[in-house]
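For reference, the structure is listed below as structure tokens.
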């Protein structure tokens, strides 16, 4: 049986830092991974085009598809800690990619003749997808969280009182 020392209690009662709270939220992690996915897409496009002299269409498609794979894997494990079977999430992710592509084309085409033009339409479609994808990733694509605690949550540092649980009583020794 392990004993809790005063030092353990002091560490457990220490409030989590602001950064830990900030990065502990799945929406923040989702946005970070989205930014990293764009960086993978863009940097790979430049690398394939400028260094390896690939055709721009092939380089663009390869970079984009690579960023989709990166995004799926990292969102699944890091942002949403999914417990869904991988193939289920992959199928749902693929369906969402197709739906997002169709939505982008529709939104951009509808907004092109307006004051926003095609560039404004792209911004609107990207903003809309950022919002709805977060909720669809969380509740449909990746679904339930894994049973284990993520490294960024540090639940093991909480005292029973901080977690809303009564402190366990210890039997008195005679």
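The values are calculated or read from the model by the stated rules, or taken from the named source; none is laboratory data. This structure is a prediction, so every number in the text was calculated from the model and none was measured. Please note: Cβ atoms are built from the backbone with ideal geometry, for glycine as well, and neighbour counts cover all protein chains shown.
Things worth noting here:
- Enumeration of residues in segment 29-43 that are within 16 Å of residue 134 (Cβ to Cβ) and surrounded by 14 or more Cβ atoms within 10 Å (Cβ to Cβ): 29, 30, 31, 32, 33, 34, 36, 37
- Residue match in segment 155-172 (condition: at pLDDT below 90, under 29 Å from residue 86 (Cα atoms) and not assigned by TED's automatic domain parsing to the domain that holds residue 73): yes
- Residue match in segment 97-115 (condition: more than 18 Å from residue 31 (Cβ to Cβ), surrounded by 13 or more Cβ atoms within 10 Å (Cβ to Cβ), modelled with pLDDT of 90 or more and touching a strand residue (DSSP E or B) at 6+ places or on another chain (Cβ under 7 Å)): no
Residue-by-condition table, conditions (1) in the same structural domain as residue 23 (by TED's automatic domain parsing); (2) over 29 Å from residue 23 (Cβ atoms); (3) without any contact (Cβ under 8 Å) to a residue 24 or more places away in the chain:
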position: 39; (1), (2), (3): yes, no, yes
position: 42; (1), (2), (3): yes, no, yes
position: 49; (1), (2), (3): yes, yes, yes
position: 89; (1), (2), (3): no, no, no
position: 114; (1), (2), (3): no, yes, yes
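- Test for residue 23: is it modelled with pLDDT of 90 or more and within 24 Å of residue 136 (Cα to Cα): no
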